[in-house]
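Below is one structure, written out as structure tokens; comments come after it.
Any read-out appearing in this document is the output of simple, stated calculations on the displayed coordinates, not a laboratory observation. Everything numeric in this text was worked out from a predicted model, so none of it was measured. Heads up, the Cβs are rebuilt from the backbone with ideal geometry, glycines too, and the neighbour counts pull from every protein chain shown.
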Amino acid sequence: MQGEHKRKIVHITMVAWALLIGRLEPWMISLLCVGALVHNLFVLPGISGRALERESEKQVGYSLGMLVYPSILFVLSLLYYNQQVIMAVGWGIMAFGDGFAGWLGKPLGGPSWSWHDRKRLGGTAVFFLLGAPLTLGLVYLLPEASRLGFSLARWSLAIGVATLAAALVESLPGLIDDNFSVPLIGAVTCHLMLHIPAVPVLPEAWPTGLTLVLLLTVFSIVSKKIDVPGGLTGAILSGGIFLGGGLASLSLLFVFFFAGTFASKWKIGEKVKLGLAQENSGRRSMRHAVANGGMAAACGLLAWFFPDEETLYLGMLAASMASATADTLSSEFGNLYGRRFVNVLTLKPERRGLDGVISLEGTLIGAIGSLAIGIVTLLWGASLPFALAVAAAGVFGNWIDSVLGATLQRRGLMNNDTVNAANTIIAGLFFQALYLALM
């Protein structure tokens, strides 16, 4: 059997573990996800003889997809801790939809998508036609209490729309990793479709918000801060952020964007000489937009659709923006003004610019950036504890970014985009923990 077929079989059959959802306590499911990550990192390569890795992965010594798979499930197990059936939906869509599309799509052939010549309509059709019914079947194999009291018709509609959304996302070029984007989009979409009682109303200031989003998009593309696909993606993400919190949440995005742009251009000549300047003259793309703004946009949509939980979701949005801001400022300014550079874990001196290397000056500047986001939330009417929790979550997310850089990224197991996405997600989840425990 060819290695790619073995890989797809493992990718698909691992969803059988989802049958434990509703039969084990939620914390046990989360713990199993951590165990799966450890297994894929340290055990699986040895027992499989690396037979499940592609040739390119063997050359670099790891399979990013095999690490992202359990990692995103762990995130979903926490994000939907009391409704882990939603995690099962994201898992099923990833296993069945993405798995069979990759396996059967190429033999079926057909025309390619105009935006991605390597993704074919036949594969997308397989994704939907097999992913949706098999995921629905997975949900109905779980204990009845896990299905949250929704009817078969409601589950069918929710999973159908979620699978279609995930299939379209899977066809897009430049995203971080299908094992990350597909289950996340599938789970969030399913959650929205299940729980939306009615279409929410637009924020009162929607004409102003729409104008600002368009202006930001045009400015970022014309000034070459981002390419056209990235700018359009950013516009969609900005729209999600605005819908959740109106001009208040949109202002957080503006703080991040302009602070990050200023930091990237500050003393650019000196950064070039030191070999610390961003690639492509700092011009961002679609994957950068998703990595830095995807979590905030998701939280914005959740806040819009579920106003009863609006405060929590907007706090998570702000925390993700605080982490992204802290990461950008600490990196850009820290490399210029840092005096002593050390490994974030060992605190031993190392060369600046290496993944996971920090300085006191950079750390403090990052904390100031995170605090700035917290202050903006305070100006918009948040309580002082709320604003402090946002700032603290941003600092924590930035620290996690450095830890991931010093470990997984340095070993080639993550790239800069996946680390950026991870730090914003973790910052949001950290705020969620603070909010539920203290507020």
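Only beta bridges with both residues in the chain are counted; by DSSP, about 75 percent of them are antiparallel.
Modelled this way, with points 7 Å down the Cα-to-C-beta line, the labels at V38 and L104 are 3.7 nm from one another. Database remark: amide H of R284 closer than 5 angstrom to the amide H of I226, D227 (H placed geometrically; neighbours at sequence offset of 5 or more, or on other chains; Pro and chain starts carry no H). The stretch between L345 and S156 holds 63.3 nm of extra length on full extension. This uses 0.36 nm per residue minus the Cα-Cα distance. Among the helices of the chain, those built from whole DSSP H runs whose Cα atoms reach 18 Å or more along their own axis and whose mean Kyte-Doolittle hydropathy is at least -1.0 are 26-38, 64-79, 121-140, 152-170, 178-195, 206-222, 228-265, 286-305, 310-337, 360-379, 384-404, 416-438.
Counting pairs on different chains as well as pairs 8 or more places apart, how many Lys pairs in the chain have Cα atoms under 27 Å apart? Close lysine pairs under the 27 Å cut-off: 20. A cut-off of 5 Å between modelled amide H atoms, ignoring neighbours fewer than 5 places along the same chain, links F341 with E350. Taking 0.36 nm per residue of separation and subtracting the current Cα-Cα distance, fully stretching the chain between E204 and W266 would add 18.6 nm. Were the residues from N415 through L379 laid out at 0.36 nm apart, the gain over their Cα-Cα distance would be 9.4 nm.
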